[in-house]
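FYI, it's all coordinate maths here, none of it is from the lab. All values derive from a computational prediction rather than experimental measurement. Backbone-built Cβ (ideal geometry, glycine too); neighbour counts: all protein chains shown.
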Amino acid sequence: MILPIVAYGDVILKKEAKEIEKDYPNLDKLIENMYETMYAAEGVGLAAPQIGKSIRLFIVDADPFSEDEPALKGFKKTFINPIIIEEEGKEWGFNEGCLSIPGIRENVNRKPKIVIEYYDENFNLVEEEYEGLAARVIQHEYDHIEGVLFTDHINPLKKQLLKSRLNNISKGNVKVPYRMKFPKS
Ligand code: NI
């Protein structure tokens, strides 16, 4: 089932999400719906707060980036209760977008290497290292469960210039090719 994606301006996107237990009701179905929703919107990542659930869960499928970075071929993963335990290296910039902030892309600086600990969809504890674009996609989604958006990383002057466009998104005055839930419409 495709779920509506919560738009910029909704308070749920600014909240720190809560950890979940293994017996979280209908978790398999929720994850399946999140994949369906992400693919329908042509995204490479989706975090639970973006579909209205303030829980520490996100999914990624960065396969569309594999033309530029072959290592991302089939890079599809579910992250439950993740913790980024290390982030290192010299920050690099990349033009990021977000399904909750349609039509806006901005350069965001992030560190290139991470170590992350999380539970997979079968609740097995995993520790892995990622770098480059894979790390980038994870960092963006991880921010969502911490209540942080990519627009929080851009400088105040640039953000000021985006203010009216962001306001229009929260009011639903924006054309989007997928289902959204607008906080102020
Ligand atoms: Ni996003």
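Observations, loosely collected:
- Leading residue by the ranking (nearest to the ligand (Cβ to nearest atom)) among those in segment 163-172 that are in a helix (DSSP H, G or I) and more than 15 Å from Val11 (Cα to Cα): Arg165
- Qualifying residue in segment 87-106 (condition: surrounded by 15 or more Cβ atoms within 10 Å (Cβ to Cβ) and more than 15 Å from the ligand (Cβ to nearest atom)): yes
- A search for C-beta distances below 6 Å between a residue of segment 42-69 that is more than 19 Å from Ala134 (Cβ to Cβ) and any residue that is part of a loop (DSSP other than H, G, I, E, B) and within 11 Å of the ligand (Cβ to nearest atom), counting only pairs 6+ apart in sequence or on different chains, returns Gln50/Ser100.
- Test result for Ile116, part of a strand (DSSP E or B), closer than 16 Å to Arg56 by Cβ and among the β-branched types (Val, Ile, Thr): yes
- Taking the conditions (1) surrounded by 18 or more Cβ atoms within 10 Å (Cβ to Cβ); (2) assigned to a loop (DSSP other than H, G, I, E, B); (3) of a type in the set (Lys, Arg) in turn, Lys77 satisfies each one other than (2).
- Every residue from segment 123-162 that is outside any strand (DSSP E or B), away from the ligand (no atom under 16 Å from the Cβ) and in contact (Cβ under 8 Å) with a residue 12 or more places away in the chain: Phe123, Gly132, Lys158
- Some residue of segment 95-114 being among the hydroxyl-bearing types (Ser, Thr, Tyr) and either free of Cβ contacts under 8 Å to residues at least 60 places away in the same chain or more than 23 Å from Ala40 (Cα to Cα) (or both): no
- Assessment of segment 10-21 against the conditions (farther than 17 Å from Ala134 by Cα, touching a residue at least 24 places away in the same chain (Cβ under 8 Å), acidic (Asp, Glu) and in a helix (DSSP H, G or I)) yields no matching residue.
- Any hit, segment 27-38, residues being of a type in the set (Ser, Thr, Tyr), touching a helix residue (DSSP H, G or I) at 6+ places or on another chain (Cβ under 8 Å) and surrounded by 20 or more Cβ atoms within 10 Å (Cβ to Cβ): yes
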